[in-house]
1. What is the gain in length, in nm to one decimal, between Arg57 and Thr167 on full extension, counting 0.36 nm per residue of separation less the C-alpha to C-alpha distance?
2. Please arrange Leu41, Leu121 by how many other C-beta atoms lie within 10 Å of their C-beta, fewest to most.
3. Could you pull out the pairs from Lys21/Lys71; Lys19/Lys49; Lys44/Lys79; Lys44/Lys105; Lys135/Lys163 whose alpha carbons sit more than 23 Å apart here?
4. Tell me, what HN-Hα J-couplings in whole Hz come from the Karplus equation 6.51 cos²θ - 1.76 cosθ + 1.60 at θ = phi - 60° for each residue of region 183-190, using x for Gly and Pro?
5. What is the local net charge at Gly58, summed over the other residues whose Cβ is closer than 13 Å to its Cβ (Lys, Arg +1; Asp, Glu -1)?
6. So how far apart, in nm, are the two label points at Ile107 and Gln31 if each is 7 Å from Cα heading toward Cβ?
7. Can you list residues whose amide H is under 5 Å from Asn192's amide H, if they're 5+ apart or on another chain and H is modeled 1.01 Å from N?
8. Compute the distribution of all C-alpha to C-alpha distances in region 139-214, in bins of 5 Å from 0, and list the percent of pairs in each, rounded to whole numbers.
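Only the coordinates and a few stated rules stand behind these numbers; no lab work does. Owing to the predicted nature of the structure, the values given are computational and were not obtained by experimental measurement. As a convention, Cβ positions derive from the backbone with ideal geometry for all residues, glycine included, and neighbour counts pool all protein chains shown.
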Amino acid sequence: MEENTETKSVASIIEDAMKAKSMSVEKLSLQSGISERFIELIVKEKVGKLPSSPYVRGYISKIADILNLNKESLWAEYKKQSAEKKVEQSPEKSNEIKNGELIKKFINTKSLVIIGIILGLVIVIILRGSAFIGKPTLSLENFDDNISVSTSTFAIKGRVDPKNQITINDETVFPDESGLFEKNFTLTSGFNTFNFKVRGILGKELQMTKQVYLTTSTKKTEKQVEPVVEINTSTTTQE
């Protein structure tokens, strides 16, 4: 006996027919060869999760035959109701798509920020390569090899990277913000040796040795001779 399919939803028609025949989803699946999942989707009106129309039409036709329903009327009603469901579900679907696009955009933006930070660090390392991984440098002003001076006070001037540490004869010298430094030393007669050590950020070290010769001047002084005064004394004898 065929039922009128125009006043009820397809899901209600199928459920009522299944109850009339005491047929479960599992039993309907075995008889029709349709997956239980697809039958449940049709009954629960989950239109968006079903496959394309040709497949669904085949499912509806097989179900209608087993449940003694008019398959053409059932299929026509299904198309009508599925179109209405799609319209109802479209705003929700639109929001899902919109949210998905926002998440994708956020992930892309975050990735770009991370890439930008990494590139920035690489550029800094390249530009400051000598300070981070290269050997430290030291430049001295007016300090030729084995120079000779005549005064005991000697000023050592130079420049280093301000981030590096410099010692002269194991004494720490503190450069200014631009790396310039100056320190006075008291020389002794003869050769004076200065050992320079510059240590970089990563522990690399530059060593340099310089010598300064302090000359001593001697002045000849004329010996002063005091004049000698000779005094003659005479004695007179009275007879």
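1. Working: separation 110, 0.36 × 110 = 39.60 nm, distance 8.97 nm.
30.6 nm is the gain from fully extending Arg57 to Thr167.
2. Details: Leu41 19, Leu121 10.
Neighbour counts put them in this order, fewest first: Leu121, Leu41.
3. Cα-Cα > 23 Å for Lys19/Lys49; Lys44/Lys105; rest within.
4. 8, 8, 10, 9, 8, 10, 4, x
5. Numbers: positive: Arg57, Lys62, Lys71; negative: Asp65.
Local net charge: +2.
6. Placing both labels 7 Å beyond Cα along the Cβ direction yields 4.6 nm.
7. Val212, Tyr213, Leu214
8. 3, 15, 27, 26, 15, 9, 4, 1, 0
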